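What follows is a short report on a single structure.
The values are calculated or read from the model by the stated rules, or taken from the named source; none is laboratory data. Keep in mind the model is a prediction, meaning the values are calculated, not measured. Here Cβ is always computed from backbone atoms with ideal geometry, including for glycine, and neighbour counts include all displayed protein chains.
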């Protein structure tokens, strides 16, 4: 691993992005198919390739792009969909981001930082629903104990035990930190550290971030360098689509990916693709500066799956149930479910006057699981990779050739069985058990025997059976 922490975002080269997009304004079907053939090798694509795919509009070529993304996702991740829930512990914030309800100048927002007792109770509600992993989210300001508030909150979440239930992995989305603070975060036992640049376009970034530490583009874009330097080898990056041209953002994101690969030998564990949504106290979401249509959104999901095939791709409940369903086959491998975006929202239900943004999918966890299973996907609550050391380079060594699914499939089925037995409604159990039987039946003899042994242990009362 590199010991050099960069201080500027010079690796985001806007001139190179502009040149690539300019050169890609072509309707050469042969070139598009060459790129799709290259993508089928599952070794990723370069920026020029991505620029060409972003220009595809022909319905036939678009269909071939979507098919290629589906094949890539199936080859590496199979039919699994990992589920999680965000847990907002605070909406305190010192930044003034024009698109966000948490902005410091939003006087309409009801501010709240949960106490540790309240965080414990929110966690209990999530555990009682069946969740096994959460994404801790906080506004970019903390109560009087400072960053220690986040560390205390992580410890509180891990302490909760309810019958057979517990949160086995806490991922974190908080403000970018110094290397010493990142080391403390690593020591708390987190899974993935998640940080979105929002927009990689410097002019647009400056226009929408008008106050607070977040105004500093370079400090934010180099945050993952400091995190990885501190030993956090699973990081998640993303873009808030709608702030600038999505084609530029995808190419800039690719530059960020390649920079992390260059500096540390490993790229991001996850990529998130939120679109700008209505937020209390912000007029921007109703008229995004650069709106992304549903067709273009599906296209960018497919392109990212081909460009970075090994990376987990996250789809949140910002999007509607229908659009989420459509993206499962295009590359998405992780989804949130039953989400609330306001502190205390799981106990009190969602209140838009204290939430970060408006949701598009309001279904419960059980409703989402039943829908996912009916579509033939396996809902997974697996956290084994984090706890067995399959992170960072070790994870990529398994994911890039498609071998990770041999570990993940048995874990996905056993954790799904846990959910069905402990939390699933009758209708969901019936659908889920049929799906599990189908997948076990289709395995080779060795994997079938191993998976069946894990399922038998779960059915006998054992929990957290690891492969």
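The conditions are (1) in contact with a strand residue (DSSP E or B) (Cβ under 9 Å, 6 or more places away or on another chain); (2) outside any helix (DSSP H, G or I), and residue 73 fails exactly one of them. Which is it?
(2) is the only condition that residue 73 fails.
Would you mind stating whether residue 249 is farther than 21 Å from residue 141 by Cα and touching a strand residue (DSSP E or B) at 6+ places or on another chain (Cβ under 6 Å)?
yes
Exactly one condition in (1) without any contact (Cβ under 8 Å) to a residue 60 or more places away in the chain; (2) part of a helix (DSSP H, G or I); (3) under 13 Å from the mean Cα position of the chain (by Cα) is not met by residue 297; state its number.
Result: residue 297 fails condition (3) only.
Somewhere in segment 286-299, is a residue crowded, with 24+ Cβ neighbours inside 10 Å, within 21 Å of residue 335 (Cβ to Cβ) and at pLDDT 95 or above?
Yes: segment 286-299 contains one or more residues that are crowded, with 24+ Cβ neighbours inside 10 Å, within 21 Å of residue 335 (Cβ to Cβ) and at pLDDT 95 or above.
Of all residues being within 20 Å of the chain's Cα centre (by Cα), modelled with pLDDT under 95 and buried (at least 19 other Cβ atoms within 10 Å of the Cβ) in segment 347-370, which is farthest from residue 113 (Cα to Cα)? Just the residue, please.
It comes out as 361.
Hey, can you tell me all the residues within segment 254-293 that are part of a helix (DSSP H, G or I), touching a helix residue (DSSP H, G or I) at 6+ places or on another chain (Cβ under 6 Å) and within 29 Å of residue 57 (Cα to Cα)?
Within segment 254-293, 254 is the sole residue that qualifies.
Going by the structure shown, is residue 429 more than 27 Å from residue 331 (Cβ to Cβ), surrounded by 15 or more Cβ atoms within 10 Å (Cβ to Cβ) and modelled with pLDDT of 95 or more?
Spelling it out, residue 429 is indeed more than 27 Å from residue 331 (Cβ to Cβ), surrounded by 15 or more Cβ atoms within 10 Å (Cβ to Cβ) and modelled with pLDDT of 95 or more.
Here are some residues: 92, 45. Which one is in contact with a strand residue (DSSP E or B) (Cβ under 8 Å, 6 or more places away or on another chain) and outside any helix (DSSP H, G or I)?
92
Per-residue answers, yes or no, for (1) surrounded by 13 or more Cβ atoms within 10 Å (Cβ to Cβ); (2) modelled with pLDDT under 95; (3) within 18 Å of residue 247 (Cα to Cα); (4) not assigned by TED's automatic domain parsing to the domain that holds residue 254:
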{"site": "3", "(1), (2), (3), (4)": "no, yes, no, yes"}
{"site": "21", "(1), (2), (3), (4)": "yes, no, yes, yes"}
{"site": "33", "(1), (2), (3), (4)": "yes, no, no, yes"}
{"site": "37", "(1), (2), (3), (4)": "no, no, no, yes"}
{"site": "40", "(1), (2), (3), (4)": "yes, no, no, yes"}
{"site": "43", "(1), (2), (3), (4)": "no, yes, no, yes"}
{"site": "53", "(1), (2), (3), (4)": "yes, no, yes, yes"}
{"site": "63", "(1), (2), (3), (4)": "no, no, no, yes"}
{"site": "66", "(1), (2), (3), (4)": "yes, no, yes, yes"}
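Any residue that is part of a loop (DSSP other than H, G, I, E, B) and in contact (Cβ under 8 Å) with a residue 60 or more places away in the chain - is there at least one of those in segment 225-235?
Yes, that holds for at least one residue.
Suppose the filter is in the same structural domain as residue 294 (by TED's automatic domain parsing), within 30 Å of residue 25 (Cβ to Cβ) and free of Cβ contacts under 8 Å to residues at least 40 places away in the same chain; does residue 242 pass it?
no
When you check residue 134 against the structure, is it part of a strand (DSSP E or B), touching a strand residue (DSSP E or B) at 6+ places or on another chain (Cβ under 6 Å) and under 20 Å from residue 224 (Cβ atoms), yes or no?
no
Hey, any hits in segment 305-314 for a residue that's part of a loop (DSSP other than H, G, I, E, B), in contact with a helix residue (DSSP H, G or I) (Cβ under 9 Å, 6 or more places away or on another chain) and under 30 Å from residue 92 (Cβ atoms)?
No, segment 305-314 has no match at all.
Which of the following residues is surrounded by fewer than 23 Cβ atoms within 10 Å (Cβ to Cβ) and either at pLDDT 95 or above or outside any loop (DSSP other than H, G, I, E, B) (or both): 177, 243, 251?
177
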